[in-house]
There are 2 protein chains.
Amino acid sequence: MSTPGPRRTTIKDVAELAGVGVATVSRVLSGGSASAETRERVLDAATKLDYRPSALGRNLRQQRSGGVALLVPDITDGFYARLCDGVLSCARSYREPVTIGVTGDDAEQEADLVGGLLEQSMDRIIAVPSGDGEMWASAVRAGLNVVFADRRVWSPGQHARALDEVPAVLTDDRSGLRTAIEYLTGLGHRKIGFLARQGMSHRVAAFREAMGDLLDEDLVVFARASRDSAYAAAAGLFQRRADLTAVIAGGNMLGEAAVLAARELYVRIPRDLSLIMFDDVPWAELCSPPLTVIAQPASDVGYRAAELVLRHGRRPRTVSLPTELIVRSSCAPRR
Amino acid sequence: MSTPGPRRTTIKDVAELAGVGVATVSRVLSGGSASAETRERVLDAATKLDYRPSALGRNLRQQRSGGVALLVPDITDGFYARLCDGVLSCARSYREPVTIGVTGDDAEQEADLVGGLLEQSMDRIIAVPSGDGEMWASAVRAGLNVVFADRRVWSPGQHARALDEVPAVLTDDRSGLRTAIEYLTGLGHRKIGFLARQGMSHRVAAFREAMGDLLDEDLVVFARASRDSAYAAAAGLFQRRADLTAVIAGGNMLGEAAVLAARELYVRIPRDLSLIMFDDVPWAELCSPPLTVIAQPASDVGYRAAELVLRHGRRPRTVSLPTELIVRSSCAPRR
DNA sequence: AGTGCTCATGGAAACGATTCCATCATCATT
DNA sequence: AATGATGATGGAATCGTTTCCATGAGCACT
């Protein structure tokens with residue numbers, strides 16, 4: 001059935017050809033000390049045999065499989081796609097493979113995925129967490145090396161501080177939202193809505209805070225992770241509250257849904273409704289009208305997170321990356 | 001430094017608690033034959049100890065690491081993101097981890113990545129191939145279990161047929177292009193351009209074939225994998241050939257670039273130029289004007305490819321998934 | 001009763017690397 | 001010249017699983 005082909009060349013073969021012991025070969029190849037002459041003989045033999053150390057053997061011995069895992073809610077979302085890209089590009093320079101899983105913003109799937117990783121003895125993981133702190137706390141206790149990206153999660157109990165030590169790479173949503181809201185209120189808007197997705201509680205909290213007295217709790221709505229749900233949430237909000245004059249979409253899928261729903265309901269942007277969207281995606285400029293957005297350095301978030309988990313040096317608690325309001329044509333003064 | 005914590009429970013512990021040999025435990029757990037009583041005792045012990053077999057040990061023994069690798073040109077491209085999603089969702093049901101790499105449509109990076117996978121003893125890979133047949137042929141000879149997705153590559157020599165056996169999941173570009181071109185010629189267009197990206201030679205070939213006598217080789221242009229390059233290619237074509245009245249973009253990034261370039265150059269779509277884009281992305285509808293597209297079932301491509309590589313049953317050579325022309329507002333009769 | 005067959009079973013040998021530890025040579029110091 | 005320190009070296013153990021093989025029990029048939 002399978003190819004009976006020539007056995008893979010092992011460290012033993014190299015040792016034999018070089019006339020040394022396997023231990024010496026291992027040492028030379030992983031930068032240990034050896035005499036110049038031996039080193040040369042080993043290296044020679046290795047190249048002659050085109051020897052590639054088997055990750056399998058190494059992994060078993062070291063009780064950990066190499067590589068990094070990456071958990072995102074939805075790889076189809078441009079933001080997370082860029083985040084992945086950032087991780088991938090950093091990991092590449094370390095020659096570490098990246099295993100990706102999508103959680104769909106669902107705690108159960110997330111727990112499943114993490115369980116699978118544990119089974120693989122993966123011990124490094126970058127996650128956009130969806131689940132409860134409980135699960136992550138136990139994962140950390142199990143020795144998993146976690147870095148949070150885009151959002152984080154806190155220790156459930158007031159005693160357990162495990163999660164509070166987990167490094168995280170976030171975007172500065174708070175300040176992004178603040179400038180966005182300043183911009184909108186400057187245009188005269190008072191009734192400002194927020195379209196959120198499950199798992200965006202940090203962003204919602206920032207919105208609430210930035211809105212201050214203006215906050216109308218009825219104007220923040222939640223959608224689940226799907227496009228349909230986003231559309232339903234947007235359409236529902238627009239129909240329910242005719243007095244709404246501006247809305248902030250918590251992500252590009254929400255923004256897309258908002259544009260679509262507005263079009264469907266004959267709500268004109270920006271004449272009837274001003275729209276600001278989180279995340280600057282290429283189509284925001286192509287859209288009609290071009291969308292004013294809060295740009296986030298998605299790729300950098302991924303890259304930095306990967307650095308944190310891979311370099312593993314002395315690491316800062318949390319790094320926060322700047323956001324930027326890019327004004328295009330989807331906002332107008334309140335009429 | 002590392003936790004001195006309680007040793008991971010191994011198969012040996014289970015055997016001990018159940019009062020049987022390790023071999024028996026292994027058999028029971030992997031569905032071998034055993035007496036009812038033994039089976040129960042083993043299962044009991046396993047649950048009591050919360051035993052999870054270590055993938056590391058298994059992998060070493062079986063000389064192959066589990067999981068699937070997936071190579072795409074650019075995960076930031078909506079089409080490939082959806083393809084990934086399809087693969088991920090299929091792999092999930094098999095509980096197989098997926099390792100993703102991006103090639104950037106570059107043969108060298110691709111070869112690097114494949115080398116890395118070999119080192120990891122990954123033996124199953126789904127790839128959108130960029131490189132030459134040589135590399136893939138040698139990978140197949142090395143025992144790699146390859147399935148091509150979205151496009152394929154043929155054996156370099158006329159003797160070596162290794163690659164021709166590799167299964168592939170493709171979209172029916174040929175028929176998609178044919179209907180698109182029929183549509184355009186029906187609107188009176190004769191000078192039809194094609195915006196391609198490196199690695200899209202199959203699509204270009206299909207375009208050439210479908211164009212027949214109408215083909216003007218000067219109207220097909222190539223871009224590299226970046227957004228800038230796509231923009232440059234589109235702008236170059238539009239400026240160089242004022243007689244162009246219609247253009248087909250070979251992918252959504254090319255389409256985006258075409259819209260942008262047209263806008264920049266005051267070329268009005270569809271009045272001055274009709275545009276059809278490969279791949280129906282959400283923003284195509286949001287764009288102004290909404291874009292006529294050749295829709296491709298990206299997610300299905302991924303899913304089917306994953307099925308092929310994971311089920312590994314008797315497998316068909318190649319499966320071709322239908323495309324669909326979705327007419328929106330980016331094409332108009334030639335004036 | 002003896003022979004042959006089918007099972008369940010457990011010991012032990014892989015798999016390929018790293019790493020502990022003992023050995024030995026070399027060299028400097030007393 | 002004897003001792004100690006240093007450094008290079010290789011044998012062997014180890015990681016956790018699967019799988020080969022031998023053993024022995026149970027049973028049916030001659």
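Looking only at residues in region A:125-153 that are farther than 23 Å from A:E307 by Cβ and open to solvent by 40 Å² or more (accessible area, probe 1.4 Å), the one that is modelled with the lowest pLDDT is A:D132. When B:V140, B:V169, B:V146 are screened for being touching a strand residue (DSSP E or B) at 6+ places or on another chain (Cβ under 8 Å) and assigned to a helix (DSSP H, G or I), only B:V140 passes.
What are the residues in region A:185-203 that are crowded, with 20+ Cβ neighbours inside 10 Å, of a type outside the set (K, R) and closer than 26 Å to A:R224 by Cβ, if any?
Residues satisfying the conditions are A:I192, A:G193, A:F194, A:L195, A:A196, A:G199, A:M200.
Yes/no matrix, rows are residues, columns are (1) among the aromatic types (F, W, Y); (2) open to solvent by 20 Å² or more (accessible area, probe 1.4 Å); (3) over 24 Å from the mean Cα position of the chain (by Cα); (4) not assigned by TED's automatic domain parsing to the domain that holds B:K191:
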position: B:M211; (1), (2), (3), (4): no, no, yes, no
position: B:D216; (1), (2), (3), (4): no, yes, yes, no
position: B:A225; (1), (2), (3), (4): no, yes, no, no
position: B:Y231; (1), (2), (3), (4): yes, yes, no, no
position: B:G236; (1), (2), (3), (4): no, yes, yes, no
position: B:T245; (1), (2), (3), (4): no, yes, yes, no
position: B:A249; (1), (2), (3), (4): no, no, no, no
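Scan region A:100-121 for residues that are more than 8 Å from every other protein chain (Cβ to nearest Cβ), touching a residue at least 24 places away in the same chain (Cβ under 8 Å) and either surrounded by 23 or more Cβ atoms within 10 Å (Cβ to Cβ) or outside any loop (DSSP other than H, G, I, E, B) (or both) and the total you get is 6. Being touching a helix residue (DSSP H, G or I) at 6+ places or on another chain (Cβ under 9 Å) and either within 9 Å of chain B (Cβ to nearest Cβ) or over 30 Å from A:R227 (Cβ atoms) (or both) is a property that holds for A:G66. On the given criteria, is A:E307 surrounded by 17 or more Cβ atoms within 10 Å (Cβ to Cβ) and in contact (Cβ under 8 Å) with a residue 40 or more places away in the chain? Criteria met by A:E307.
Could you tell me whether A:T318 is closer than 18 Å to A:D173 by Cβ, at pLDDT below 95 and either of a type in the set (S, T, N, Q) or assigned by TED's automatic domain parsing to the domain that holds A:G186 (or both)? Against the criterion (closer than 18 Å to A:D173 by Cβ, at pLDDT below 95 and either of a type in the set (S, T, N, Q) or assigned by TED's automatic domain parsing to the domain that holds A:G186 (or both)), A:T318 qualifies. Checked against (1) open to solvent by 30 Å² or more (accessible area, probe 1.4 Å); (2) farther than 21 Å from A:I326 by Cβ, A:V220 passes all but a single condition, namely (1).
Screening B:T323, B:T245 for residues that are in contact with a His (Cβ under 9 Å, 6 or more places away or on another chain), under 24 Å from B:G188 (Cα atoms) and in contact (Cβ under 8 Å) with a residue 60 or more places away in the chain leaves exactly one candidate, B:T245. Helices (runs of 4 or more DSSP H) fully within region B:1-99 that include at least 1 residues being open to solvent by less than 50 Å² (accessible area, probe 1.4 Å), within 16 Å of DNA strand D (Cβ to nearest atom) and free of Cβ contacts under 8 Å to residues at least 40 places away in the same chain: B:11-18, B:22-29, B:36-49, B:55-62. In summary, B:I326 fulfils each of the numbered conditions (1) at pLDDT 95 or above; (2) open to solvent by less than 10 Å² (accessible area, probe 1.4 Å) with the single exception of condition (2).
Can you confirm whether A:I294 is open to solvent by 20 Å² or more (accessible area, probe 1.4 Å) and aliphatic (A, V, I, L, M)? No; evaluated as a whole, the condition is false for this residue.
Results for (1) modelled with pLDDT of 95 or more; (2) under 30 Å from B:A127 (Cβ atoms), shown as yes or no for each residue.
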residue	(1), (2)
B:G250	yes, yes
B:L254	yes, yes
B:A262	yes, no
B:L265	yes, no
B:M277	yes, yes
B:D280	yes, yes
B:E285	no, no
B:G302	yes, yes
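The values are calculated or read from the model by the stated rules, or taken from the named source; none is laboratory data. Everything numeric here is computed off the predicted structure, so don't read it as measured data. Here Cβ is always computed from backbone atoms with ideal geometry, including for glycine, and neighbour counts include all displayed protein chains. To get the accessible areas, we keep the full protein, side chains included, count just its heavy atoms, and leave off ligands, DNA and RNA. Shrake-Rupley method; radii C 1.70, N 1.55, O 1.52, S 1.80 Å.
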